[in-house]
1. DSSP loop chymotrypsin sites (Phe, Trp or Tyr not before Pro) in the range 16-95 with at most 16 other Cβ atoms within 10 Å of their Cβ, which ones?
2. Heavy atoms only, probe 1.4 angstrom, no DNA, RNA or ligands counted: give me 81, 144 ranked by accessible area, highest first.
3. Within the range 1-93, list the GluC sites (Glu not before Pro) lying in a DSSP loop whose Cβ has at most 15 other Cβ atoms in a 10 Å radius.
4. If one takes the longest principal axis of the Cα atoms in the chain, at what angle in degrees, from 0 to 90 and to the nearest 10, does the Cα axis of helix 72-83 lie?
5. Less than 17 Å from a label point 7 Å out along the Cα-to-Cβ axis of residue 124: which backbone N atoms in the range 81-109 qualify, by residue?
6. How high is the FRET efficiency from residue 18 to residue 113, r the C-beta distance, R0 30 Å, rounded to 0.05?
7. Roughly how tilted is helix 36-48, in degrees to the nearest 10 and between 0 and 90, from the longest Cα axis of the chain?
8. What's the carbon and sulfur percent of the chain's accessible surface, probe 1.4 angstrom, rounded to a whole number?
Amino acid sequence: MSYIDVLILRQLAQGPAHGYELRKQVEAGTGYVLHNNSLYPALRRMEEAGAVVKTAQAQEKRPPRHVYEITEAGRELLHDLLAELPPESAGDEAEFLCRVAHFDLLAPGERLAVLDAREKAVEARMAHLRSLDEGARDDRWGSLVTREMIRRGESEREWLRELRARAGEGA
């Protein structure tokens, strides 16, 4: 499961919705454009996992539309997805930012664990970039790009320190 699942479950935690409505709510709340080819497979997976239930809602002169509602298992899944940032996902900016955007749903210790995972991923990326920079001294443009990526990494490290200072605040 991914940040797309988090966005869907978080929206459903605020109330039931049909697919189109869900897409529009996610986009309005996050700016992320959720396409049908990612929305409906995710809803199907979540339904199979017992995280959401689907009911048919009758419409006049139209086929019934499906309304999705989060279950208690879905609420637990949402929390677990937010609280865990596995190493293979910690380097993915969207995965990390999605969790930070929902830090209000996590306890301070869970927030710190997410930040720890991201910091490790950033440190690993920075070490790799520094080794690339050392080997790319003859490649003027490549070196400029590598140094810019290092600068951005340093900036993120500073932001992570700020987040860490705030992460201990009550949920």
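1. Details: sites: 20, 32, 68; in loops: 32.
Qualifying residues, ordered by number: 32.
2. On the way: 81 25, 144 85 Å².
Result, largest first: 144, 81.
3. Details: sites: 21, 27, 47, 48, 60, 69, 72, 76, 84, 88, 93; in loops: 60, 84.
Those satisfying the criteria are 60, 84.
4. Taking Cα atoms only, the helix is inclined about 10 degrees.
5. Answer for this model: 84-97.
6. Working: r = 35 Å, r/R0 = 1.17.
Efficiency, from the Cβ-Cβ distance: 0.30.
7. 70
8. Numbers: 5100 of 10100 Å².
For the chain, the apolar C and S fraction of the accessible surface comes to 50 percent.
The values are calculated or read from the model by the stated rules, or taken from the named source; none is laboratory data. Owing to the predicted nature of the structure, the values given are computational and were not obtained by experimental measurement. Here the Cβ is made from the backbone with ideal geometry for all residues, glycine too, and neighbour counts use every protein chain on show. What goes into the accessible areas is simple: the full protein's heavy atoms, side chains included, and nothing from ligands, DNA or RNA. Shrake-Rupley method; radii C 1.70, N 1.55, O 1.52, S 1.80 Å.
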